[in-house]
Every structure is written in structure tokens, then in C-alpha cells.
Amino acid sequence: MMRYYFLLITTLLFICCSADNGTKAQSSSILQAPSDDLKQSSMQTQTMRITIDGKTEVVNLVNNTATQALVNKLKEGPINISLNTNGDFEIWGALGFSLPTSNENINGQPGDVVLYAGSNICIFYGSNSYSYTRLGKINGLSASELKAFLKGGQNNISVTLSLPDVSAINHIHTDKSDNIYYTLNGQRVEHPTKGIYIINGKKITL
């Protein structure tokens, strides 16, 4: 009889411990889920604004050591630089500081923003192949619109690089004054879906 009770108690303890371990495993799985969400969030596209003569366009930055260093620099404040036309395909010039390089042979296309020789920024409205470090791209403009925005063909072009913020949305200007949507971080949206946008300087919800 004593052996029977001993076996019964041992069996009950084993069942309880197994259930407890299963609960702990499930809890551990649930706790790990936010880490995946945070990882996904960290992969979201970082943007930078380029402002020339009161007009602003947004650059979608790639994720590399050069852009990480550039974003950290921009967190200290906007960067004002003077760029010049080169070969009727880009405007370029010195940033005034160096960034890490990961050069590769790039066939630059209209809208591409690249780093040259570690300390020069090039913004394309045409095309050119050379060894650059990729920084990002301006989307949504044709080659002719890019050339007009970048003032291609001119020299001593005053350019401001900055990080987007909601308060600056009202200052974004475009030649097309109607039905131009921007996200809250200043990125132009060609085909908006449900969400909060800025249009003509006003916040709207679709």
C-alpha cells in the first residue's frame, strides 16, 4: 500500500512539472516575439531630405556604415554644402567630412545619391559608371524633373541635407501643387493607401 501511494505521488509530481515546463516554454516563445518586431522595425527605411532653393525631395537611404555615420552627423543638425555640375549627369562636391566607404562599381542612374572618394557626395540626374559607395535614391522624379530640381548645369548650388521631421512638412514645396501626398517623415507617396498623410501642408487621414 505504501508503494502504491509513493507511485501515485511521483506520477502526480511528474505531470505537474511537465505542465509547468510547457507553460514556461510557451511564455519564453511569447517573450521572444517582441524582439523579432524590434528587429523588423530597425530595418525600416531611413530617409534624408535634400533642399535646394526652397524645394525639398526625400532620399531613401540604404543601410550601410556610410549612411549610419551620415545620419549620426545629421542628428547634430542640417548640413549646408555647395555643389557643382559635372559632365551634365550629376551635381557633386565636398561634404566637409569623411564617411566610411564600401566602394563598388555602380552604374549610377537618375535619382541615385552616392559617396565618392569618402568625402564627396554625388547626386545623379543622368547616368555614369564608376566606383562609389551607395547612399540612397530620390524616387518619383523623371530625369528632367531631377535636373530642374538639382539645378543641373549650374555651379555653386546651395544644398541643405537634413533629417525629416513632422514640423518641416509644411515647408516642402513642389511644382505640382495639388494632390501630392507625403508621409509624416516627409516622403512623397505616389499611390497612398489607408493612413495619415500631409497634403498641401495639412494632415489628413485616409
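The values are calculated or read from the model by the stated rules, or taken from the named source; none is laboratory data. Keep in mind that what you see is a predicted model, and the values were worked out from it rather than measured. Glycine also receives a Cβ, built like all others from the backbone with ideal geometry; neighbour counts cover every protein chain displayed. Please note that ligands, DNA and RNA were not included when accessible areas were found on the heavy atoms of the full protein model with its side chains. Shrake-Rupley method; radii C 1.70, N 1.55, O 1.52, S 1.80 Å.
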(request) For the range 90-114, name all the residues that are outside any loop (DSSP other than H, G, I, E, B), in contact with a Lys or Arg (Cβ under 9 Å, 6 or more places away or on another chain) and either surrounded by fewer than 17 Cβ atoms within 10 Å (Cβ to Cβ) or of a type in the set (Val, Ile, Thr) (or both). (result) ILE91, GLU104, ILE106, VAL113, VAL114
(message) Which of the numbered conditions does GLY201 fail, given that it passes all the others? Conditions: (1) open to solvent by less than 90 Å² (accessible area, probe 1.4 Å); (2) modelled with pLDDT of 65 or more.
(response) (2)
(message) Return the residues of the range 91-126 that are among the aromatic types (Phe, Trp, Tyr) and out of contact with any helix residue (DSSP H, G or I) (no Cβ under 8 Å at 6 or more places or on another chain); say none if nothing qualifies.
(response) TRP92, TYR116
(request) Mind listing whichever residues of the range 115-130 are touching a Ser or Thr at 6+ places or on another chain (Cβ under 9 Å) and either open to solvent by 10 Å² or more (accessible area, probe 1.4 Å) or not hydrophobic (A, V, I, L, M, F, W, C) (or both)? (result) TYR116, ALA117, GLY118, SER119, TYR125
(message) Of everything in the range 47-81, what is more than 12 Å from the chain's Cα centre (by Cα), open to solvent by less than 10 Å² (accessible area, probe 1.4 Å), more than 17 Å from ILE180 (Cβ to Cβ) and of a type in the set (Val, Ile, Thr)? Give them in sequence order.
(response) ILE52
(message) Residues to consider are ALA25, ALA33, ALA69, ALA19; find the one that is in a helix (DSSP H, G or I) and either touching a strand residue (DSSP E or B) at 6+ places or on another chain (Cβ under 6 Å) or modelled with pLDDT of 95 or more (or both).
(response) ALA69
(request) Identify all residues within the range 138-157 that are surrounded by fewer than 18 Cβ atoms within 10 Å (Cβ to Cβ), under 23 Å from the mean Cα position of the chain (by Cα) and of a type outside the set (A, V, I, L, M); write none if there are none. (result) ASN139, GLY140, SER142
